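The block underneath contains the structure these notes are about, expressed in structure tokens.
What follows draws every value from the coordinates through simple rules; no lab data is involved. Note that this is a predicted model, so its numbers are computed, not measured. As a convention, Cβ positions derive from the backbone with ideal geometry for all residues, glycine included, and neighbour counts pool all protein chains shown.
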Amino acid sequence: MRKTFFISGIIFILTISVTYLAYAWGFFGHKLINKMAVFTLPKELIGFYKANIEFIEEHAVDPDKRRYAVKDEAARHYIDIDRYGDHPFDSVPKYWGRAVDKYTEDTLMAHGIVPWHIDRMLQRLTKAFSNKDYTKILRYSADLGHYIADAHVPLHCTRNYNGQLTNQNGIHAFWESRLPELFSENYDFFIGKAKYISNPVDYTWNIIRASYAAKDSVLLFERMLNDKFPNDRKYAYEQRGATMMKVYAYDYSDEYNKMLNGMVERRMKEAVISIGSFWYTAWVNAGKPDLKGIEKITISEEEKKEIEREDQLWRKGKVLDNSGHSDD
Ligand SMILES: [Zn+2]
């Protein structure tokens with residue numbers, strides 16, 4: 001009796017561990033992506049970021065940690081774009097204010113807001129560069145990296161985000177955590193230099209398009225593999241710290257990774273170059289401030305109000321262009 005209880009308890013723990021380990025890219029992946037993004041930066045910026053690479057890496061996962069503390073945080077990590085009909089990219093306005101007008105803020109929050117939040121973070125980072133605000137440059141860089149990385153995950157762009165509608169529960173963490181953990185050692189991170197992005201909003205929506213276009217393969221290949229793979233070899237048990245965890249077995253993961261034909265690596269590398277390019281773009285748009293010798297600056301009441309005002313403007317959809325003017 002006691003033994004049965006013990007075993008069913010273990011099985012319960014193992015089951016939840018497979019189901020709920022759904023942090024995008026996993027902590028491991030997010031840290032790796034933010035760190036690699038530093039090496040894409042041009043010579044004017046790389047020194048500053050290299051000097052702070054530990055912060056950028058460590059804080060790559062702050063937004064996931066905040067999900068439990070901050071009410072609106074969860075929606076910033078995804079967009080269920082297929083909630084908006086068969087041709088969502090023709091329907092959903094690229095700018096926040098117009099999207100709110102069309103769908104209401106409640107609807108947008110319910111379906112996820114990652115593309116708009118990336119734009120908001122870019123503006124905050126640009127402002128931090130203008131102010132040469134050491135703390136905020138680092139914090140916003142790390143945060144922005146996280147959201148951009150999330151936007152590159154196909155299952156962050158669909159309502160079937162964990163395969164729950166197609167009986168593939170667990171596929172979210174399988175694709176974005178398990179596969180990179182097993183195979184990223186062999187990824188080729190020689191991916192060139194960050195570039196200035198003249199239209200960050202379009203750039204962001206193209207990331208979402210590419211992610212969404214890939215989600216059918218992500219789901220279909222796993223379904224095909226599941227159908228042909230011996231069921232008793234699909235999962236394995238691994239020791240993680242003090243816990244025994246149920247994970248997708250190595251052979252199953254390897255087979256899936258082969259079917260995806262490098263997709264995880266490609267999306268991860270795209271994320272890295274996008275992040276470097278967004279950081280660089282923020283710095284250029286801030287007037288290329290010289291970052292040598294900047295120190296920690298505490299935020300004044302006036303600055304707090306300014307940020308609040310910008311946030312209000314952003315919510316109304318007054319998108320600031322490079323010169324600080326709104327576009328509408
Ligand atoms: Zn996330």
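Couple of notes before you dig in:
- Of the residues A173, Y49, I273, the one whose Cα sits farthest toward the positive end of the charge dipole of the chain, with +1 on the Cβ of Lys and Arg and -1 on the Cβ of Asp and Glu, is A173.
- Angle of helix 2-20 to the longest C-alpha principal axis of the chain, folded into 0 to 90 degrees and rounded to 10: 40°.
- Within the chain, helix-based [θ] at 222 nm, where runs of 4 or more DSSP H residues each add -39,500 (n - 2.57), nearest 500: -18000 deg cm²/dmol
- Additional length obtainable on full extension of the chain from F28 to D202, 0.36 nm per residue less Cα span: 59.8 nm
- Here region 120-242 was treated as a single set of alpha-carbon atoms; its pair distances binned every 5 Å from 0 give 2, 8, 13, 17, 17, 15, 12, 8, 5, 3, 1, 0 percent.
- The charge dipole of the chain, taken about its Cα centre with unit charges on the Cβ of Lys, Arg, Asp and Glu (plus for the first two, minus for the last two), comes to roughly 420 debye.
- Relative contact order (%) - criterion: Cα under 8 Å, at least six apart; region: region 16-316: 28
- Cα pair count fraction exceeding 27 Å, expressed as % - the chain: 46
- Inverse mean reciprocal Cα-Cα distance (Kirkwood Rh) of region 143-192, Å: 12.3
- A cut-off of 5 Å between modelled amide H atoms, ignoring neighbours fewer than 5 places along the same chain, links M244 with no other residue.
- Span from the region 197-227 Cα centroid across to the region 98-127 one, whole angstrom: 19
- Applying the Kirkwood pairwise sum to the alpha-carbon positions of region 202-267 produces a hydrodynamic radius of 13.7 angstrom.
- Acute angle (nearest 10 degrees) that the helix 301-316 long axis makes with the longest principal axis of the chain, alpha-carbon atoms: 70
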